[in-house]
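A quick write-up on the structure given underneath.
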Amino acid sequence: MTTKHYKVAGHTFAVSGQAELFEQMKNYEPFECEGGEPLFSLMEDSGEVPEYTEVFRQEESWPRVICGHDTLGNDVFEFRGRTKFWGCLICSKDNREGRLIITSNTPEIVLDSALRLMFDLATAGKDTLCIHAAVVSCEGKGYLFLGPSGTGKSTHAQLWLKHFEGTELVNDDNPVVRGGVVYGSPWSGKTPCYRNVSVPIGGIVRLSQAPYNKIRRLSGIEAYVDLAESVGGKVWDSRIAEGLHQAENKLASTVPMWHLECLPDEAAARLCHDTITR
């Protein structure tokens, strides 16, 4: 059994398992660190799934997740494909220790899902948000592009990379925000981007498709709602929900936000860039 430590957005966590497990963790290698006190630990395990009472399902996620509590009060998360059991995560009550059972032929998916979930649980209330967004850095600041799947977040980021010199991709789909700074993460989207970098946030833009290009500033409850809709995290637990709310409210009230209705073209990228980087 080997144990390795990783640090994402300043939060250290540990993973213990056989050598084969770490072969599935190439995307975590840029985040490996020497050690330190972990916020949470995940251990590869074997055995049967404990009996549990279901309290919540996420059918829209992939893999699908069934959440519940066992007889000891521990959280149990069962990962499933369309029809088959893929694995199970059993978390201690304080979300600091987890055991992972994997049966899937694609263990990296189950491992990623378990680590993302434990990261969400352990960082709730620590001014930390995992956000569904494409992020670029430009002139020393980070810009997040939000929107539902298929909106064009990655396309808009690529337009910035193409047309604005010095722009770099920070993360394609799952950056971490903490204290006004956006961090790269081991989790990405269609474009693999696992960079251990951080940059102060310059602005946040919600995208929506339109037959024209138009941008306007958001504020108040509108900014909060648009941000909250893009934040990852499990909200069946009131403590977690409150932690996410506090971080979302702080971010929406301190970082400038816009709504960009746009075409997937250079003109949209230039309108956005010239507006939000002023």
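The single condition among (1) outside any strand (DSSP E or B); (2) touching a residue at least 12 places away in the same chain (Cβ under 8 Å) that PHE77 does not meet is (1).
Just one residue in the set GLY189, GLY180, GLY166, GLY150 is within 20 Å of ASN249 (Cα to Cα) and either surrounded by fewer than 18 Cβ atoms within 10 Å (Cβ to Cβ) or in contact with a Gly (Cβ under 9 Å, 6 or more places away or on another chain) (or both); that residue is GLY180. Scan region 127-163 residue by residue and report those that are in a helix (DSSP H, G or I), farther than 20 Å from ALA210 by Cβ and out of contact with any helix residue (DSSP H, G or I) (no Cβ under 9 Å at 6 or more places or on another chain). Passing the criteria: only LEU161.
Residues that are out of contact with any Phe, Trp or Tyr (no Cβ under 7 Å at 6 or more places or on another chain) and among the small types (Gly, Ala, Ser) within region 99-139 comprise ALA114, ALA124, GLY125, SER137, listed in sequence order. Scanning region 3-47 for residues that are of a type in the set (A, V, I, L, M), assigned to a strand (DSSP E or B), out of contact with any helix residue (DSSP H, G or I) (no Cβ under 7 Å at 6 or more places or on another chain) and open to solvent by less than 50 Å² (accessible area, probe 1.4 Å) returns ALA14, VAL15. Please verify whether region 194-217 includes one or more residues that are open to solvent by 20 Å² or more (accessible area, probe 1.4 Å), at pLDDT below 95 and not charged (D, E, K, R). No; the residues of region 194-217 include none that is open to solvent by 20 Å² or more (accessible area, probe 1.4 Å), at pLDDT below 95 and not charged (D, E, K, R). Screening CYS67, CYS88 for residues that are touching a residue at least 60 places away in the same chain (Cβ under 8 Å), part of a strand (DSSP E or B) and of a type outside the set (Val, Ile, Thr) leaves exactly one candidate, CYS67.
I want to confirm something. Restricting to region 187-205 and keeping residues that are of a type in the set (Val, Ile, Thr) and assigned to a loop (DSSP other than H, G, I, E, B), which single residue is farthest from HIS156 (Cα to Cα)?
Restricting to residues being of a type in the set (Val, Ile, Thr) and assigned to a loop (DSSP other than H, G, I, E, B), the top hit is VAL197.
Out of the residues in region 153-163 that are open to solvent by less than 20 Å² (accessible area, probe 1.4 Å) and in contact (Cβ under 8 Å) with a residue 60 or more places away in the chain, state the one that is farthest from ALA268 (Cα to Cα). Only one residue fits best here, namely TRP160. For GLU78, the criteria (1) under 26 Å from SER230 (Cα atoms); (2) in contact with a helix residue (DSSP H, G or I) (Cβ under 8 Å, 6 or more places away or on another chain) hold in every case but one, which is (2). Checking each residue in region 50-66 for being open to solvent by less than 50 Å² (accessible area, probe 1.4 Å) and of a type in the set (A, V, I, L, M) picks out VAL65, ILE66.
Report yes if some residue within region 140-160 is within 26 Å of GLY243 (Cβ to Cβ), of a type in the set (Val, Ile, Thr) and at pLDDT 90 or above; otherwise report no. Looking for residues that are within 26 Å of GLY243 (Cβ to Cβ), of a type in the set (Val, Ile, Thr) and at pLDDT 90 or above, one finds none in region 140-160, hence no.
The values are calculated or read from the model by the stated rules, or taken from the named source; none is laboratory data. Only a predicted model underlies this, so the values are computations on that prediction, with no experimental measurement involved. Reconstructed Cβ throughout: ideal geometry from the backbone, glycine too, with neighbour counts over all protein chains shown. Accessible surface is based on the protein model in full, side chains and every heavy atom, while ligands, DNA and RNA are left aside. Shrake-Rupley method; radii C 1.70, N 1.55, O 1.52, S 1.80 Å.
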